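Coordinate-derived values only; no laboratory data. Everything quoted here is computed from the prediction, not taken from an experiment. Here Cβ is always computed from backbone atoms with ideal geometry, including for glycine, and neighbour counts include all displayed protein chains.
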Amino acid sequence: MAATIKKQLALDANVPLDIADNHSGILEFHQEFLKRGYELWIAPTALLEIHVLSEKGDAREKSLALKALSNLLAWRITPFNLNSVGHGLTQIFAEKLITKGLLPEGECHDGMILAETALAEIPMLVTSDSHLLDIEETDLKIQFDECGLSHVFPVHPVRLLRALR
């Protein structure tokens, strides 16, 4: 009997914000992957980033963040959480990526989102963040292995959509 493969994608904060902004390529990605039966998840740190923008962003950022937060469930984007041990590991992993030069200083949240996605065993993180997309795949895999985490592949939503066709 064949094992059931879960069709899951984790979303970085920029994806729901782009949906809120009616970005055509992101809307098409969102609709197509839902139609194909994918579950869309958002990590705690990505959700926190949207929340912070809703309170401290400029007027446009606040508006988009509030729209995203208000519509996540309607858009079938489900937040996930981690146990307390997982939260500690995400910080360590993020700091390691920065120390190794895979992420720039000040991009700790990006590393935490990668670790959260790995702990949730979701194989891909959909993002338009160049800091994440530019990490060399082999270097990233080594860091996941050293921390005993599942591998996560950062991928741009439009490139992922193109791969379906």
| task | Go through (1) 1, 9, 18, 22, 20, 16, 10, 3, 1, 0, 0; (2) 1, 7, 10, 13, 17, 17, 14, 11, 7, 2, 0, 0; (3) 1, 8, 16, 18, 15, 13, 11, 9, 5, 2, 1, 0 and flag the label whose value is the computed P(r) over Cα pairs in 5 Å bins from 0, in percent for this structure. | result | (1)
| Considering the dipole of the chain built from charges on the beta carbon (Lys and Arg +1, Asp and Glu -1) around the Cα centre, which of L66, G148, H109 is farthest to its positive end? | L66
| To the nearest 20 debye, what charge dipole does the chain have about its Cα centre, counting +1 at the Cβ of each Lys and Arg and -1 at the Cβ of each Asp and Glu? | 740 debye
| query | Which residue, chosen from P157, P44, F93, occupies the Cα position most advanced towards the positive end of the dipole of the chain, where the dipole is computed from +1 (Lys, Arg) and -1 (Asp, Glu) charges on Cβ about the Cα centre? | reply | P157
| Nearby lysines by direct alpha-carbon distance to K6 (threshold 27 angstrom, same-chain neighbours under 8 apart not counted) | K35, K141
| request: Per DSSP H run of at least 4 residues, take -39500 (n - 2.57); add these up for the chain, divide by its residues and hand me the 222 nm value, nearest 500 deg cm²/dmol. | output: -17000 deg cm²/dmol
